[in-house]
Amino acid sequence: MKIAFQPAGSPTWPAGTTFVQAILHALRAAGRPIQAALLARTETPDAPPELLAEAPEFLHIPPLRRWTGRWLYDNALRRLGIPEPAASRDLRARGVDAVFSGWPLTRYHGIPLIVWIHDFQHRHLPDLFPPEERAERDRAFREVAVTAARVVVMSESVRRDFADFAPREAGKARVVRTTVPVPEAVYAADPRPTAARYGLPEKFVYLPGNFLAHKNHARVVEALGRLRRRGIDVAVACSGHPADYRDPAFYPALLRRIEAEGVRDRIALLGIIPRADVLLLMRQAACVLAPSRFEGLGLSVEEARAVGKRILLSDIPSHREQDPPAATWFDPEQVDDMEAKLSSVWREAAPGPDAALEREARARQPERIRHAADSFLDAVRDVVAKPPRNADQHG
């Protein structure tokens with residue numbers, strides 16, 4: 001079985017890359033019978049190196065030269081409703097049985113699509129999205145529901161949302177459980193020099209995640225201000241892209257709020273940092289903070305689990321479903337609750353790696369990787385079939 005994976009994510013949304021990497025790593029590490037390749041239109045690999053390391057085969061689909069006979073024939077087939085005829089022929093000739101993709105979609109003739117939907121945030125928190133983006137997401141997800149042979153989601157929460165959104169296609173959705181890969185070098189390293197390189201104190205709380213309104217940084221800032229006025233100085237390090245594309249005023253307003261609360265010296269804004277540094281900062285932190293109001297799946301929750309770190313997290317359905325060990329829960333809509341739990345964890349937790357939690361995390365990781373590989377294999381096995389007999393006649 002050979003599946004071509006279209007790279008996901010971007011420099012400002014590394015979670016997409018990490019999810020695809022997690023699938024590829026699990027399949028390779030568990031030795032499951034899927035040959036994975038990366039798919040792109042460029043002649044040289046433009047995928048992140050962490051994806052290339054997990055799927056060394058790179059499938060380049062060159063565009064046809066304009067006004068050649070093949071180009072004219074291809075255009076004629078497109079007008080007949082046959083998608084990507086030349087690319088489809090090329091992929092089938094290279095033995096590709098299915099394509100794994102995010103959205104927007106690229107359809108291929110005679111090759112089933114396995115499509116990943118990360119969440120339905122625009123339906124849970126509609127006020128955070130412009131009307132035109134909500135409409136575009138609905139349109140794109142309807143196309144996915146109709147076109148995809150299989151829809152992959154990361155949690156039961158998202159599967160239920162998909163079933164509500166497209167009840168006639170609900171049977172296409174499968175939950176793929178993932179576990180994030182952690183390089184051995186991350187476990188072996190002393191995390192203190194990494195923290196020092198970012199100018200962090202020995203003890204801090206770590207909040208990784210882009211500065212988007214639903215990630216709840218504003219309530220964290222308010223909670224820190226309240227704690228400081230009580231004489232409790234909690235240090236927080238934040239990493240992630242410093243902008244919310246939906247609201248350009250959000251991040252500047254957050255900076256003003258930090259100043260107004262008098263906690264500028266207690267919050268380190270690190271920007272986008274390498275993933276290895278994210279994992280090392282988690283190991284050094286007193287705890288990981290995941291305050292989001294909504295997630296399809298909390299990536300930082302899985303990362304904290306993988307490195308054996310205590311986590312303080314919002315009580316939302318997808319987080320409850322993940323159910324990490326050493327968790328402390330709070331209501332993401334209630335600053336009082338966040339303040340109380342943050343104060344308690346800060347008082348109790350020590351900085352640096354937790355030897356017992358880390359040992360348990362490392363012991364369980366091989367089983368979690370096997371489970372992740374099997375959940376993906378179970379999700380795609382029945383949709384990977386030989387192309388129709390007439391596929392090569394036209395596409």
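Work out how much length Glu156 to Ala40 would gain on full extension: take 0.36 nm times their residue separation and subtract the Cα-Cα distance, in nm to one decimal.
On the way: separation 116, 0.36 × 116 = 41.76 nm, distance 3.05 nm.
My answer for the length gained is 38.7 nm.
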Size of charge dipole - the chain - debye, nearest 20, with Cβ of Lys, Arg +1 and Asp, Glu -1, no other charges: 860 debye
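Taking every DSSP beta bridge that has both residues in the chain, what percent is antiparallel when rounded to the nearest 5? Walk me through the numbers on the way to the answer.
Details: 1 of 37 bridges.
Percent antiparallel among DSSP bridges in the chain is about 5.
Highest first, please rank the peptides 352-362, 252-262 by the mean number of other Cβ atoms sitting within 10 Å of their residues. It would help to have the intermediate numbers written out before the result.
On the way: 352-362: 15.9, 252-262: 14.4.
Sorting 352-362, 252-262 by mean packing, highest first, produces 352-362, 252-262.
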Quick check for me: using +1 on Lys/Arg Cβ and -1 on Asp/Glu Cβ, what's the dipole size of segment 192-352 about its Cα centre, in debye to the nearest 20? 500 debye
For the chain, what is the mean residue ellipticity at 222 nm derived from helices alone (per DSSP H run of n ≥ 4: -39500 (n - 2.57); sum divided by total residues; nearest 500 deg cm²/dmol)? -13500 deg cm²/dmol
Over all alpha-carbon pairs of segment 192-352, lay out the pair-distance distribution in 5 Å bins, whole %, shortest bin first. 2, 9, 20, 24, 24, 15, 6, 0
By how many degrees, between 0 and 90 and to the nearest 10, does the Cα long axis of helix 131-147 differ from the longest principal axis of the chain? 50 degrees
Inter-part distance where segment 1-37 and segment 243-303 are each reduced to a Cα centre, Å: 26 Å
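Any read-out appearing in this document is the output of simple, stated calculations on the displayed coordinates, not a laboratory observation. For clarity, every value in this text was computed on a predicted model and none was experimentally measured. In this analysis, Cβ positions are derived from the backbone assuming ideal geometry, glycine residues included, and neighbour counts consider all displayed protein chains.
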